[in-house]
Amino acid sequence: MTLILGIESSCDETAASVVENGRIVHSNIVASQDALHIEYGGVVPEIASRAHLERILPVVSQSIEKANIDLKDIDAIAVGNRPGLIGSLLVGVAAAKTLAWSLEKPLITVDHVIAHLWAPFLSGCEVEYPALGVVVSGGHTSLLLLHDANTVTCLGKTIDDAAGEAFDKAASILGLGWPGGALIDKAAASGSPVYRLPRPKTKGDRPDFSFSGLKTALLYGVRGNPFRKDGKIVFPKTVSDLETKDICNWAASFQHAAVDSIMNGIQHALEHNVVRCVVAGGGVLANSLLRKQLETLASRYNIQIHLPDFEYCVDNAAMIAGLGYHLFKNGHRDQLNVTASPKGIAS
Ligand code: KG4
Ligand code: ZN
């Protein structure tokens, strides 16, 4: 039995988890910072890193307690050290290095984006390679060709906003709140996609994504075309001019357009690459329409699509411990002078 302690702090979740043999989750503690960032309508990096500092040790202690083990029972410590907000990453990395040094246990650094694709393993999936990896989250929208669990070629990615970021901005345009993905999903359930919004495509052969034009189209659709008045840009309407039904219809229209864009990229990648299955991860995989469309795609292409359970879609440390286990078994070790990086393989 191999027990890995995973640590995650790349954005605004402070998380620690104990996972056995890469699959059996003994604890999965996630301290969300949503309440701290809500008034700004997005993650404020300085606030995030300070909050990580306050929470990291209690979160690690809780994960050990919940797993009903002692720190010395851990075989190795895995930490997400790339990509992400550098100040936030550094807190998790410093904690992991300190634990590795003081406990004399191996340290393993993990790419956060690739770790999202370990999440389906935690839900009992068996992934066969080569696989198409689909990461759709608040910070990333990437299509990866997975040669094995940690060896990837980037096939395509967003050239501007990430899909989750676009959901968050759309929710803000519609006055729904933050973080917006789940709120758009909920509002869309009471609406219909009656408004035409673009399905942006990037030029060229790569299945890249672009979401900023869609977001602008939603803004202009909801608030009318802007004009200049006294040197300022003003919109003819505000969101409070809309009826609740209309907000739900806009949410449904946006959700359909965003999900169509994601699905177009996935289809393109499937048609140009030979893969044995699709494996997906990231917060936007919690979206009901995206999950439904992926199921339809699976039967149309006669291919298995492995999705994580909801609790493993958003950022968590169990996926870090899981991928850490794979690397540990393959002899991967990091030195204590390893550091964090805002860039990863797919960013
Ligand atoms: O994976 P994650 O925690 O973030 C990064 O690693 O970047 O994902 C968070 C993102 C947020 O943008 C949130 O709005 C989005 O996932 N999200 C959703 C849903 N639930 C969360 N987006 C669409 N539909 C949902 N149901
Ligand atoms: Zn993530």
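Couple of notes before you dig in:
- Options R50, R82; residue that is modelled with pLDDT of 95 or more, within 23 Å of P342 (Cβ to Cβ), within 16 Å of ligand 2 (Cβ to nearest atom) and open to solvent by 60 Å² or more (accessible area, probe 1.4 Å): R82
- Verdict on G213 being outside any loop (DSSP other than H, G, I, E, B), away from ligand 1 (no atom under 16 Å from the Cβ) and surrounded by fewer than 22 Cβ atoms within 10 Å (Cβ to Cβ): yes
- Check on L270, of a type in the set (A, V, I, L, M), in contact (Cβ under 8 Å) with a residue 40 or more places away in the chain and assigned to a helix (DSSP H, G or I): yes
- Subset of region 106-139 [assigned to a loop (DSSP other than H, G, I, E, B) and either β-branched (V, I, T) or within 9 Å of ligand 1 (Cβ to nearest atom) (or both)]: V127, S137, G138, G139
- Qualifying residue in region 145-166 (condition: of a type in the set (D, E), more than 16 Å from ligand 2 (Cβ to nearest atom) and open to solvent by 10 Å² or more (accessible area, probe 1.4 Å)): yes
- Residue within region 233-256 that is touching a helix residue (DSSP H, G or I) at 6+ places or on another chain (Cβ under 7 Å), assigned by TED's automatic domain parsing to the domain that holds D160 and among the charged types (D, E, K, R) present: yes
- Some residue of region 24-36 being open to solvent by 50 Å² or more (accessible area, probe 1.4 Å), at pLDDT below 95, touching a helix residue (DSSP H, G or I) at 6+ places or on another chain (Cβ under 6 Å) and of a type in the set (A, V, I, L, M, F, W, C): yes
- Residue within region 273-290 that is without any contact (Cβ under 8 Å) to a residue 40 or more places away in the chain and surrounded by fewer than 23 Cβ atoms within 10 Å (Cβ to Cβ) present: no
The values are calculated or read from the model by the stated rules, or taken from the named source; none is laboratory data. Keep in mind it's a predicted model, so treat the numbers as computed, not measured. Virtual Cβ from ideal backbone geometry, glycine too; neighbours counted across all protein chains shown. To get the accessible areas, we keep the full protein, side chains included, count just its heavy atoms, and leave off ligands, DNA and RNA. Shrake-Rupley method; radii C 1.70, N 1.55, O 1.52, S 1.80 Å.
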